[in-house]
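Below: one structure, written as structure tokens.
The values are calculated or read from the model by the stated rules, or taken from the named source; none is laboratory data. On a predicted model such as this, the values are computed, not experimentally measured, just so you know. All Cβ positions, glycine included, derive from the backbone under ideal geometry; neighbour counts span all protein chains shown. Each accessible area value is taken on the protein alone, full model and side chains, heavy atoms only, with ligands, DNA and RNA left out. Shrake-Rupley method; radii C 1.70, N 1.55, O 1.52, S 1.80 Å.
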Amino acid sequence: MSSLHQKPILVFLSFLVLHLLLPLPTHSFYLPGSYPHKHLPNDPFFAKVNSLTSVETEIPFNYYSLPFCLPPDGITQSAENLGELLMGDRIENSPYQFHMLSNDSSLFLCRSNPFTAQDLDLFKKRIDEEYQVNLLLENLPAIRYSNKGDASGLKSTGYPLGAHLGDEYYIFNHLKFRVLVHEYEETNMVAVMAFGDSETIPPGKAAQKGYMVVGFEVVPCSVRHDVAAAKGLRMFDEMPKRIECDPTIVSMALKENQPVVFTYDVEFVESDIKWPSRWDVYLKMEGAKVHWFSILNSLMVIAFLAGIVLVILLRTVRRDLTRYEEFDKEAQAQMNEELSGWKLVVGDVFRIPANPVLLCVLIGDGVQILCMAIVTILFAALGFMSPASRGTLVTGMLFFYMLLGSVAGYAAVRIWKTLRCGDSSGWKTVAWRVACFFPGIAFLILTTLNFLLWHSQSTGAIPFTLFIVLLLLWFCISVPLTLVGGLLGAKAPHIEYPVRTNQIPREIPVQKYPSWLLVLSAGTLPFGTLFIELFFIMSSLWMGRVYYVFGFLFIVLILLVVVCAEVSLVLTYMHLCVEDWRWWWKAFFSSGSVAIYIFLYSINYLVFDLKSLSGPVSAILYLGYSLFMALAIMLATGTVGFISSFCFVHYLFSSVKLD
């Protein structure tokens, strides 16, 4: 290959390595839904609202479930993808209007109807539950700093509904917006057009000076207005009296049969922030040293286990094989009477395990989940699943999971055929169960949790039409692909065993310690490789923080696979050494037991980190999702352990020469 052709490949490989080792923000790409909009001076545009959220309940609600101001043209819902619907996002238009570069102060929004007792009770309940309002402008969430003007201070997205001081409840009815803009650059349009997602620019507009929104900040205030003076005002009129917004003072107390006046200010500030960098403030990677410490900790565990594996393979096994092969037949027969350990189970090591169908089903689903996780995280690390495109991560996971159903069917049926020494009869049953086992459990858990969300009237509840769509995707795409993969697995040659299996099983000696105790405790090593990264993931899922260090996550996932393989291999060798030939299930659970510790860690996180989580519904939702996550991890890690142990046992006994 010429150097001319090698150079682009080397550049791409270098970019790939750097992108994985140093997780770069994906907003450097112009992804669908994240392209810049050119706004001319005084061009009007509106903010949008998302669901009300709370880290105390984890149950999202519709913004207009509370008596807020309605948009002048009525409520319209933005187009949502599958991932947004599953995550509970409900993006709708809002009455907050902006004019590019036009600083407006004390704008009247609306005067609500007098609060009924029911409205007042609901508002008080949402304030006690610490619900946040989530505003969006040009797809950027409104951000609030703890110290205004101090960009280094603590920041959070959204703003609280109100405050509870003493016996009074106060509402934040005045918002002070700060919009950061950057001059529109024509080079941006070239980059966008390369992706085919550029907006249509009318003739002549491209030559005019325009601006892009690169930042959106909000300061909520509680201001007591003169209700009588605002009675004759129309939306977007200026208030008679200038409003002073002081976030440290609250004065608008909620009272029954009393209306509330909503107002807002807008300030535009030209910024040096460019369009590709506008998400940096949200995705700023915190605790990078902790992530590197997690990886270093995993590498130490891998090195320790690798040393044990090398000792087993290069010293113990090779020495035993060398001694075994130096004798003639009579000497080997005499030596067999004196031997102990794995050499004595040569006629039973490949005996078909208990519940072989269930084992094949678990392996098939584990292969599907593991491949889905690797592909999804790799795409996210390379920047193709930006948070600017909401729901793409969940949508991508579903897409890859369905597509990889063929891999699951192939793996399960081929293992089934291998266990039966080439007999593929019954492969349809195996493939069908693979297609229905994990999705069926997931569907049962999510349906149960969805009934709780429906009862709470939460936006997190999956609509009935989406249920139908998910069922169609399951039975019209995932199941047929799994059956096709099973057919290919049935036609593929099975893996030949290197030794024959005796008709009468060998008696297993009485063990000093329960073998399953060692199997369950083996999960602590894989858990030690990911518990630090698990904290960041849990914080992202339940504390409303943005997680976007997928490069680190991809590295941790690869390290986890290596540790699971090594742990299972070592434990399988230990079981064979004590003449326990029932290694199949133990190899699966020796690495799959990490899910037990992950579930226990999730309970610990609930007790000590989510202290504010209130209500039985919230706790059931949390435990249900945690159980679902632990089940998926058990299948994936257990599959890694089984495959590595099978390869090790096959290699080990293929080296034994028998007549």
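Quick notes on this one:
- When the convex hull of its Cα atoms is viewed from all sides, region 561-636 shows a mean projected area of 6.0 nm².
- Other-chain or far-sequence residues with amide H under 5 Å of V181's (modelled H): V214, V269, E270, S271
- In region 507-619, Cα pairs under 8 Å separated by at least six residues give a relative contact order of 41 percent.
- Cα gyration tensor shape of region 432-522, rounded if a/c is under 1.5, else prolate or oblate by comparing a/b with b/c: oblate
- Within the accessible area of region 538-632 (1.4 Å probe), percent carbon and sulfur: 75
- Overall dimensions of region 533-584 by Cα: Rg and Dmax, Å: 17.3, 51
- Once the 1.4 Å probe is applied to the protein heavy atoms, region 552-659 comes out at 35 Å² accessible per residue.
- Space enclosed by the convex hull of the alpha-carbon atoms of region 361-500, per residue, Å³: 123
- With 10 Å bins from 0: P(r) over region 210-255, alpha-carbon pairs, percent: 19, 39, 30, 11, 1
- Too-long pairs where the Cα-Cα distance tops 20 Å, listed order kept, from K231/K255; K176/K611; K38/K209: K176/K611
- Scattering curve values for region 64-149, log₁₀ I(q)/I(0), Debye with Cα scatterers, q = 0.21 Å⁻¹: -1.41
- Highest to lowest packing among 532-543, 503-514, scored as the average C-beta count within 10 Å: 532-543, 503-514
- Sequence ranges 397-405, 452-460, 245-253, ranked by mean other-Cβ count within 10 angstrom, highest first: 397-405, 452-460, 245-253
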